[in-house]
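Novice: There's a structure below that I have some questions on.
Taken together, the values in this text are just the output of simple stated rules run on the coordinates, not laboratory data. Since this is a predicted model, take the numbers as computed values, not measurements. With ideal geometry, Cβ positions are generated from the backbone for all residues, glycine too; neighbour counts draw on all protein chains shown.
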Amino acid sequence: MTTETLSRPRTDQAGQAIRNTKIPTVVFENSRQVDRHVAIVVESLIRENNSAGAPTVLGLPTGSTPIGVYRELIRLHREEGLDFSNVITFNLDEYWPMPPDSIHSYNRFMRENFFDHVNVPEENIHIPRGDIPIEDVDKFCDEYEREIERAGGIDVQLLGIGRTGHIGFNEPGSDRRSPTRMVMLDPVTRMDAASGFFGEENVPFQAITMGVGTILRARKVILMALGEHKAPIVRRAVEEEITPEVTASFLQSHPQATFVVDSASASELTAVKTPWLVGRVEWTPALEKKAVIWLSQLEGKPLSKLESRDFFEYRMHDLVRRHGGPERIRERVFDAMQETICSTPAGTDERKTVIVFSPHPDDDVISMGGTLIKMAEQGHDVYVAYVTSGNIAVFDHDAMRHTDYVREFLEMFGLDSEESRALDERIRLAMASRGPGEPDDPEVLKIKGLIRKTEATAGAVAAGVPAEKLRFLDLPFYRTGEVKKKPIGEEDVAIVADLLRELNPAQIYVAGDLSDPHGTHRMCAEAIIKALRVVEEQGIEPETWLYRGAWQEYEPHEIERAVPLSPEVLLKKKMAIFKHESQKDRALFPGHDPREFWVRAEHRTKNTARVYNELGLPEFYALEGFVRFQGQL
Ligand code: F6R
């Protein structure tokens, strides 16, 4: 392989140090290993300094990326006595204006996710203040820099990376020497923050951030990245030239900077994506398939027309020499791809019980609606289990419209009562008095959940699954009313396990996303996988397939089953997606893709069909791709 194993003391899983990057980059299989590795680096430094009686100065980020590291550090504090009493912290940034107790403030984030659970002395905690008047900002920023100096400088600076390539809130154009200062947020950054603020219009335009210069003065820098959506910017930062357009690229000039990333965010790195281009590789069947499909796409030739010189031009001599020559290679990859095509995904021999687990109420039809329609049409017993209520993704105006409807409905039929009027009053008041970006009142959340439930029912029925085969699991981990969720607990797992026991399915479908913006899909998958382990002992072992949610498609070489959709089935799928009215026209959670869900669904499935066609496989109208679950995501 082009990568070499990097083993470090006390790291239970070894990362791989990637070659050909301008910043040392270590890749771990999954986010938990990244969390553990980074936590261990911090832990070792603190313990070393504690035993020498010296303070440890940490630079800390917020956002979704470091949450797991904070959890692991909290665990080390509670269970392994890691002492933070001589730790001094400086946070990277804070929105401005922003009261420190707001649910959106980084101050509150840090307290809830870290400081409330460890023993960093209050006077050692420094977080830029979002509640100071504009005229005091410059003075505050100068003082922040001096505080860092007085503390002796930052020992380890942890960072995330934004899709703009920002570190801290140093957006494109920031100077290499920039100090702590007030900045304008990039539109991409505001869009990424939008769902957390329940709408882009609520996201502040400005922030106070440590500068690039401040970050570069830290003695050691660790940048973490998790998820496929970070893959392009990670590659840009570590493989291309230093540019103020990608402020993370300035870390190339830091002698002690490392990127610690999961395999999803490393997927665009040259040594990961096309390892045969940068050195010797061990040719496995999976790598052969990946390389040959890549070659075919690059050359714009179907598999059957690839020639020896195409292989030689792109450093595949070894493959050709040792694995049977171009003829055999072409045949093998062609056959492997051909075998993925399957128009009867639940089989033909008997009526099977199938459960499609849909993380949110619309993922079933958006991501595998065609397959759902076909399985139902082919006479299988298809159930859909909606894992969460999806209630936070409904706009107030939609909830209000439904409330109006119910009030008028009750009045029209003389069914209104004192109770119904009082409830109506309460709901209107709750919606009117909610501040911008504040979470909903529990009764309003119920209404929003109900809207999504009725839409899901209409969508599934349009796909041919009757209402009595729908299960609304409403898992507890999601019931926070906020974007932030609780970790998966026993109750979540028990609910899924009960369903598996009750239906004893032959086949199940799970959203296997690595890039869901808020991690809900990943958490749903975690609950289902844990439940599978529980019921396995009772002999319940369904064939498990993964599908991709609305954010990303599987790469062609990954697809293990491709279900062809006819124009009629694709149209029916779109009609089912249309039932999710509350998610149309600027849905709250579009993720990083501005297209409407039905447009994405159509593009995705037609694109997969185009790829198959261009590889020289049969030409289909549209295809839905699946991957067999192999024990972990
Ligand atoms: C947060 C910060 C930002 C984030 C970056 C990634 O304090 O300074 O640079 O690290 O936007 O955010 P997540 O981790 O949410 O993807």
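Novice: Taking the inverse of the average 1/r across all pairs of different Cα atoms in region 196-348, what Kirkwood radius in Å do you get? Present the calculation step by step, with values, prior to reporting the outcome.
Specialist: Details: mean 1/r = 0.0521 Å⁻¹.
Roughly 19.2 Å, rounded to one decimal.
Novice: Okay, moving on. Kindly identify region 429-483 as rounded, prolate or oblate by the Cα gyration tensor criterion: order the square roots of the eigenvalues as a ≥ b ≥ c, call it rounded if a/c is under 1.5, otherwise compare a/b with b/c, prolate if a/b is larger, else oblate.
Specialist: On the way: a/c = 3.34, a/b = 2.15, b/c = 1.55.
Prolate, because a/c is 1.5 or more and a/b exceeds b/c.
Novice: If Rh is defined by the Kirkwood formula over all Cα pairs and Rg also comes from Cα, what ratio Rg/Rh do you get for region 274-340?
Specialist: Here the Rg-to-Rh quotient is 0.91.
Novice: Would you calculate the volume per residue, in Å³, of the smallest convex hull containing every Cα atom of region 16-271?
Specialist: Numbers: hull volume 30.1 nm³, N = 256.
It comes to 117 Å³ per residue, whole-number rounded.
Novice: Per residue Cα convex hull volume for region 149-202, in cubic angstrom?
Specialist: About 120 Å³ per residue, rounded to a whole number.
Novice: A follow-up question, please. Sorting CYS141, CYS342, CYS524 on the 10 Å Cβ count, fewest up front, what's the list?
Specialist: So the ranking, lowest neighbour count to highest, is CYS342, CYS141, CYS524.
Novice: Explain nothing, just the number: relative contact order of the chain, from Cα pairs under 8 Å at least 6 residues apart, as a whole percent.
Specialist: 12
Novice: Hey, another quick one. Compute the separation of the alpha-carbon centres of region 368-424 and region 54-73 and state it in Å as a whole number.
Specialist: If you average the Cα positions of each part, the centres end up 41 Å apart.
Novice: May I ask you to list the GluC sites (Glu not before Pro) in region 322-358 that are in a DSSP loop and have at most 10 other Cβ atoms within 10 Å of their Cβ? Write out the running numbers ahead of the final one.
Specialist: On the way: sites: GLU327, GLU331, GLU339, GLU350; in loops: GLU350.
Answer by residue number: GLU350.
Novice: Let me ask something additional. Restricting to the chain, compute how many DSSP beta bridges are antiparallel as a %, nearest 5.
Specialist: Numbers: 23 of 63 bridges.
Approximately 35 percent, going by the DSSP bridge assignments.
Novice: Using alpha-carbon positions, what is the distance between the centroids of region 335-362 and region 479-550, in Å?
Specialist: Answer, in whole Å: 18.
Novice: DSSP loop (so not H, G, I, E, B), at most 16 other Cβ within 10 Å: list which chymotrypsin sites (Phe, Trp or Tyr not before Pro) in region 154-223 pass both filters.
Specialist: Here the sparse-neighbourhood loop sites are PHE205.
Novice: If you don't mind, there's one more thing I want to ask. For a footprinting-style exposure proxy, rank THR348, THR454 by other Cβ within 10 Å, fewest first.
Specialist: Least to most surrounded, the residues fall as THR348, THR454.
Novice: Still on this model: Alpha carbons only, please: Rg and Dmax for region 303-434, in angstrom.
Specialist: Cα-based Rg and Dmax for region 303-434 come out at 28.1, 84 Å.
Novice: Which whole-number percentage describes the relative contact order of region 16-271, with Cα contacts under 8 Å and a sequence gap of 6 or more?
Specialist: Normalised by residue count, the contact order of region 16-271 is 25 percent.
Novice: What list do you get for LEU473, LEU429, LEU226 if you sort them by fewest beta carbons within 10 Å?
Specialist: LEU429, LEU473, LEU226
Novice: What does the helix-only formula give at 222 nm for the chain: each DSSP H stretch with n ≥ 4 adding -39500 (n - 2.57), the total divided by the residues, and the result rounded to the nearest 500 deg cm²/dmol?
Specialist: -13000 deg cm²/dmol, from helical runs alone.
Novice: Please tell me the relative contact order of region 274-340 in percent, rounded to the nearest whole number, where contacts are Cα pairs under 8 Å and at least six residues apart.
Specialist: Numbers: 43 pairs, mean separation 22.6, N = 67.
Result for region 274-340 is 34 percent.
Novice: Let me ask something else. Evaluate the Debye formula for region 407-453 with equal point scatterers sitting on the alpha carbons, no solvent, and hand back log10 of I(q)/I(0) at q = 0.15, 0.23, 0.28 Å⁻¹, in q order, two decimals.
Specialist: The computed values of log10 I(q)/I(0) come out as -0.47, -0.90, -1.05.
Novice: Let me ask you something else. Calculate how large, on average over all directions, the projected area of the Cα convex hull of the chain is; give the answer in nm² to one decimal. Could the numbers behind the result be given before it?
Specialist: Details: hull surface 124.7 nm².
Taking the Cα atoms of the chain, their convex hull projects to 31.2 nm² on average.
Novice: For region 113-242, state the semi-axes of the equivalent ellipsoid (square roots of 5 times the eigenvalues of the alpha-carbon gyration tensor), sorted largest first and rounded to whole angstrom.
Specialist: 24, 20, 17
Novice: Sticking with this structure for a sec: Does region 475-633 classify as rounded, prolate or oblate by the C-alpha gyration tensor (a ≥ b ≥ c root eigenvalues; a/c under 1.5 gives rounded; else a/b over b/c gives prolate, otherwise oblate)?
Specialist: Values: a/c = 2.05, a/b = 1.33, b/c = 1.54.
Here region 475-633 falls in the oblate category.
Novice: Calculate the length of the line joining the C-alpha centroid of region 614-628 to that of region 131-189, in whole Å.
Specialist: The two parts, judged by their Cα centres, are 47 Å apart.
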